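K.L.:
Here's a structure for you.
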Amino acid sequence: MKRRVFLSSAVLVAAIAASAHAKAAELNFGIISTESTQNLKANWTPLLADMQKATGIKVNAFFAPDYAGIIEAMRFNKVQVAWFGNKSAIEAVDRSNGEVFAKTVGKDGTEGYYSLIVVRNDSKLKSLDEVLAHRKELKFGFGDPNSTSGTVVPGYYAFALNKIDPVKDFKRTVRSNHETNLLAVVSGQVDAATNNTENLERFSRSHPDKAKLVREVWRSPIIPSDPLVWRKDLDPAMKAKVRDFLLAYGKGGNELKVLHGLNLGGFKSSSDRQLVTIRQLELVKAKTKLQADKKLAAEERDRRIREIESKLDALREKVAKK
C-alpha cells in the first residue's frame, strides 16, 4: 500500500514538473502599435510562427493600442520579448526590467532609418521652414509620446533646435500612430505630420494610391534601427533559443519573403548602448526647454540643468568605454 502511495506521489510530482516546464516554454512577444493591429498581425505572424517551430517555444503575439501598453505589459511580465523603437525601449529598460539584445537590419543592410515630416502632394508647404513659419495656421499630426521617429527625434531636431513647442505653437496638435498620421495627411485632417522612412515604405505597399499623395518636407539625421528587448529575468535557455533564431533568420527564400513583409533584411546582435543617442537627445531637449523657461526661479533652473549635464557626462563616458 505504501509503495502504491509512493508511486502515485512520484507520478504527481512528475506531472507538476512537466506542467511547469510546459508553462515555462511559452512567451508573449510584444509588438508596438505603429499601425493598425490588422496590418501588424499580417506582417508579424509568419515570423512568430517560424520562431515557434524552430525553438519549440509557444509564441503568442501581444498587441496594445499604444506603445505604453507594451511597456507596461513587459513591466508586469505579461510580455517577455518585444519589438520597440529606441524611445520605447528606453522606457522598457528603465521601468520594465528590459534589456536590448538585438536590433533590426534594413533590406539594404542599413542599421538605421529616418524620421520625416510629410504633407499632401498638393500642399503649398515645401520645407520645414515653411511649416514652422505657418505653424499658427496648421493642424499637425504628432506621434505616440513614446515614439522615437514620431515624437523624440522631430521634437528635438525640427522643433527644439528652432525654439518651437509643437504642442503649443501649432493651431492644433493631435497624436496617433504612423499609419493613421499618413491617412490624416491624405484626407486633409492634418496639414503635416511626423512619420519615418520604414513606415512610409510599408504604407506604399498597403496603400499605394494614397502613398502617392504624400510628400516629404523634412528628414532627420539617421536613427539607430529598432531594438528587440527581453526581460532580464527570462529563462537563459529561452533567451539563447530566441536570440539564435533571430540572428540566423533570413537565410532561406521563404524567410526573406517574411522579412521583406516587415520591410527588414534580418537581425543583428545589440545591447542597451544603442539607446545612448536617443537618451542624449531627450536630455538636450530637456536642457534647452529649461534654459528658455523664464518663469522658473534661476536657482532651481540652474540646479536642474546641472543634473542634466551630469547625466550627459555619464552617457559620454559610457560611449567612450564602448
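K.L.:
So for region 243-250 (the condition being at pLDDT 95 or above, within 22 Å of Ile223 (Cβ to Cβ) and assigned to a helix (DSSP H, G or I)), does at least one residue qualify?
P.N.:
Yes, there is a match, as at least one residue in region 243-250 is at pLDDT 95 or above, within 22 Å of Ile223 (Cβ to Cβ) and assigned to a helix (DSSP H, G or I).
K.L.:
Every residue in region 255-286 that is more than 22 Å from Val105 (Cα to Cα) and in contact (Cβ under 8 Å) with a residue 24 or more places away in the chain, please.
P.N.:
Gln280, Leu281, Glu282, Leu283, Val284, Lys285
K.L.:
Let me ask something else. For Arg75, all conditions in the list (1) out of contact with any Pro (no Cβ under 9 Å at 6 or more places or on another chain); (2) buried (at least 22 other Cβ atoms within 10 Å of the Cβ); (3) charged (D, E, K, R) hold save one; what is the number of the exception?
P.N.:
The number of the failed condition is (2).
K.L.:
Exactly one of (1) surrounded by fewer than 21 Cβ atoms within 10 Å (Cβ to Cβ); (2) among the small types (Gly, Ala, Ser); (3) modelled with pLDDT under 95 is unmet by Ala133. Its number?
P.N.:
The failed condition is (3).
K.L.:
Ok, one more. Working only within region 159-175, note down all residues that are surrounded by fewer than 22 Cβ atoms within 10 Å (Cβ to Cβ), within 16 Å of Asp129 (Cβ to Cβ) and in contact with a strand residue (DSSP E or B) (Cβ under 8 Å, 6 or more places away or on another chain).
P.N.:
Across region 159-175, the qualifying residue is only Pro166.
K.L.:
Taking the criterion of being β-branched (Val, Ile, Thr), more than 26 Å from Lys124 (Cβ to Cβ) and either buried (at least 18 other Cβ atoms within 10 Å of the Cβ) or within 16 Å of the chain's Cα centre (by Cα) (or both), would at least one residue in region 176-191 satisfy it?
P.N.:
There is no residue in region 176-191 that is β-branched (Val, Ile, Thr), more than 26 Å from Lys124 (Cβ to Cβ) and either buried (at least 18 other Cβ atoms within 10 Å of the Cβ) or within 16 Å of the chain's Cα centre (by Cα) (or both).
K.L.:
So Arg219 fits all but one of (1) surrounded by 12 or more Cβ atoms within 10 Å (Cβ to Cβ); (2) more than 26 Å from Leu47 (Cα to Cα); (3) at pLDDT below 95; what number is the exception?
P.N.:
In the conditions (1) surrounded by 12 or more Cβ atoms within 10 Å (Cβ to Cβ); (2) more than 26 Å from Leu47 (Cα to Cα); (3) at pLDDT below 95, Arg219 misses (3) alone.
K.L.:
Sticking with this one: Quick test of your reading of the structure: Asp226 fulfils all but one of (1) more than 30 Å from Asp293 (Cβ to Cβ); (2) modelled with pLDDT of 95 or more; (3) acidic (Asp, Glu); (4) surrounded by fewer than 23 Cβ atoms within 10 Å (Cβ to Cβ). Name the failing condition by number.
P.N.:
(4)
K.L.:
Take the conditions in contact with a strand residue (DSSP E or B) (Cβ under 9 Å, 6 or more places away or on another chain), touching a residue at least 40 places away in the same chain (Cβ under 8 Å) and in the same structural domain as Ala42 (by TED's automatic domain parsing) and apply them to Ile117. Does it pass?
P.N.:
Considered against the rule, which asks whether it is in contact with a strand residue (DSSP E or B) (Cβ under 9 Å, 6 or more places away or on another chain), touching a residue at least 40 places away in the same chain (Cβ under 8 Å) and in the same structural domain as Ala42 (by TED's automatic domain parsing), Ile117 comes out as no.
Conditions (1) surrounded by fewer than 12 Cβ atoms within 10 Å (Cβ to Cβ); (2) out of contact with any helix residue (DSSP H, G or I) (no Cβ under 9 Å at 6 or more places or on another chain); (3) of a type in the set (Ser, Thr, Tyr); (4) not assigned by TED's automatic domain parsing to the domain that holds Thr151, marked per residue:
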| site | (1), (2), (3), (4) |
| --- | --- |
| Leu234 | no, no, no, yes |
| Ala240 | yes, yes, no, yes |
| His260 | no, yes, no, yes |
| Ala286 | no, no, no, yes |
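K.L.:
Looking for something within 24 Å of the chain's Cα centre (by Cα), part of a helix (DSSP H, G or I) and in contact (Cβ under 8 Å) with a residue 12 or more places away in the chain - is there at least one such residue anywhere in region 224-238?
P.N.:
yes
The values are calculated or read from the model by the stated rules, or taken from the named source; none is laboratory data. The structure displayed is predicted, hence computed values, not measured ones. Positions of Cβ are generated from backbone atoms using ideal geometry, with glycine treated the same way; all protein chains shown enter the neighbour counts.
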